Amino acid sequence: MAKSNVGKKPISEEEYTTNKVLTVFSVCLLGVLVLMIVQRLMDYGNTWATGMLVSKILLGIGVLGAICGIVLLVREASGKRSADRRIVCGRNVLIVSVVMAVAMAAIMYLGTGPIKLLYVALPVLAVYYLVYHSYAREFFLIALDTGVGVALMWLVHRALDSASYVWMSYAALGAAVVLTVVQLVCVATLRGKNAKVTNKGKKVSIQFSKNAYTMLAITPVLMTVLVAAVLFAPTHMLIAMGVAAAYLFITAVYYTVKLM
């Protein structure tokens, strides 16, 4: 006999968003802790084999999770299971499982190098997810621009340390210029359409604030200038990164006050 859903209060959109943010933070924290254990095991010769075994087990879990995610997606697409306001749905299970499998495969073949990258990537992902759901859409894009800009500055700095990789510093500046041009074109297009885009035949408003277009035009240009400053004045890298951090902090304060 089927269970009755009478009397059960459906979860609100605010509760669902809060649960998603908490889940992402929990998964990222768990991922960092697991990576710390794997790295600890693989750093020593007498426990290296155990670390590889743990990596293989986690790789297998990731593959099985990906299969489960695909099964859930099929059930949801056929209407046998609803994914509405569910944390554990086919898409989420598939994404987490694929990331786990790819990360473990990289660790098995490349060693502990990818772990150091994931130490940064997972917390950054959690913070950006929080910003996306808590702040105005334009601030998320501003934070994303700043993050990309800082990453390119760091890449330029590292590339200049070796004569063999100087070309990468110019490639990083070129990437910054291309991304800036693309964003400026998108901003101009959205402004002309009053921030309305077409999705599945329906017009959807992105709901930008009055100053959004100005901020979204200034930010990528500023980041490109800072990347160029690091390239042509390498000794001032810390100053450039400090300017980027200060800019992000000021805009964060501004949009935080707007939330009050």
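By its C-alpha gyration tensor, with a ≥ b ≥ c as the square roots of the eigenvalues, how is region 81-183 shaped: rounded for a/c under 1.5, else prolate for a/b larger than b/c, else oblate? Before the final figure, lay out the partial values.
Details: a/c = 2.67, a/b = 1.36, b/c = 1.96.
Oblate.
For the pair E13/V98, report the inter-label distance in nm, with labels modelled 7 Å from Cα in the Cβ direction.
About 2.7 nm separates the two model spin labels.
Taking 35 Å as R0, compute the FRET efficiency from the Cβ-Cβ separation of V225 and K116 and round it to 0.05.
0.75
With an 8 Å cut-off on Cα pairs and a minimum separation of 6 or more residues, tell me the relative contact order of the chain in percent.
Here the relative contact order equals 17 percent.
How many angstrom lie between the Cα centre of region 243-260 and the Cα centre of region 84-102?
Result: 32 Å between the Cα centres.
Sort the chain into rounded, prolate or oblate with this rule: let a ≥ b ≥ c be the square roots of the eigenvalues of the Cα gyration tensor; rounded if a/c is under 1.5, and if a/c is not under 1.5, prolate when a/b is larger than b/c, oblate otherwise.
Working: a/c = 2.13, a/b = 1.12, b/c = 1.91.
Since a/c reaches 1.5 but b/c is at least a/b, the shape of the chain is classed as oblate.
Mind checking the dipole of region 1-129: about its Cα centre, +1 per Lys or Arg Cβ, -1 per Asp or Glu Cβ, Debye to the nearest 20?
420
Give me the distance in nm between label points sitting 7 Å out from Cα along the Cα-to-Cβ direction at S162 and L130, one decimal.
3.5
How much area per residue is accessible in region 1-156 when the probe is 1.4 Å and only protein heavy atoms are counted (Å²)? If you can, show how the numbers build up before the last one.
Numbers: 9770 Å² over 156 residues.
Result: 63 Å² of accessible area for each residue.
Quick check on packing: order 162-169, 69-76 by the mean number of other C-beta atoms within 10 Å, highest mean leading.
69-76, 162-169
Ordering I115, I239 by accessible area with a probe of 1.4 Å, largest first, what comes out?
Values: I115 0, I239 105 Å².
Listed by decreasing accessible area, they come as I239, I115.
Which of the aspartates and glutamates could be linked to K258 by a straight reach, that is with a Cα gap under 15 Å, when you skip same-chain ones fewer than 8 residues away?
Candidates past the 8-residue exclusion: E138.
Report the one residue of S55, S12, V32 whose Cα lies farthest in the direction of the positive end of the charge dipole of region 7-58 (charges on C-beta: Lys and Arg +1, Asp and Glu -1; origin at the Cα centre).
Final value for the positive-end residue is S55.
Using Cα-only point scatterers and the Debye equation, what is log10 of I(q)/I(0) for region 25-133 at each q in 0.16, 0.17, 0.22 Å⁻¹, rounded to two decimals?
-0.77, -0.85, -1.15
What aspartates and glutamates could a cross-link reach from K20, if we take a straight Cα to Cα line under 18 Å and drop same-chain neighbours fewer than 8 places away?
Cross-link targets: D84.
List nothing, just return the count: lysine pairs in region 91-244, 8 or more apart or interchain, with Cα separation under 22 Å.
So the count of such lysine pairs works out to 4.
Restricting to DSSP H runs of at least four residues, report the calculated mean residue ellipticity at 222 nm for the chain, -39500 (n - 2.57) per run over all residues, nearest 500 deg cm²/dmol.
Calculated from helices alone, the mean residue ellipticity at 222 nm is -27000 deg cm²/dmol.
Which value, in debye to the nearest 20, describes the size of the charge dipole of the chain about its Cα centre when Lys and Arg Cβ atoms bear +1, Asp and Glu Cβ atoms bear -1, and nothing else is charged? Walk me through the intermediate numbers first.
Working: 23 positive and 9 negative charges, 246 e Å.
Magnitude of the dipole: close to 1180 debye.
Taking 0.36 nm per residue of separation and subtracting the Cα-Cα distance, what length does fully extending C186 through S82 add?
34.0 nm
The values are calculated or read from the model by the stated rules, or taken from the named source; none is laboratory data. This structure is a prediction, so every number in the text was calculated from the model and none was measured. Note that we place each Cβ from the backbone using ideal geometry, even for glycine, and neighbour counts take in every protein chain shown. The protein model used for the area step is the full one, side chains on, heavy atoms only, and it has no ligands, DNA or RNA in it. Shrake-Rupley method; radii C 1.70, N 1.55, O 1.52, S 1.80 Å.
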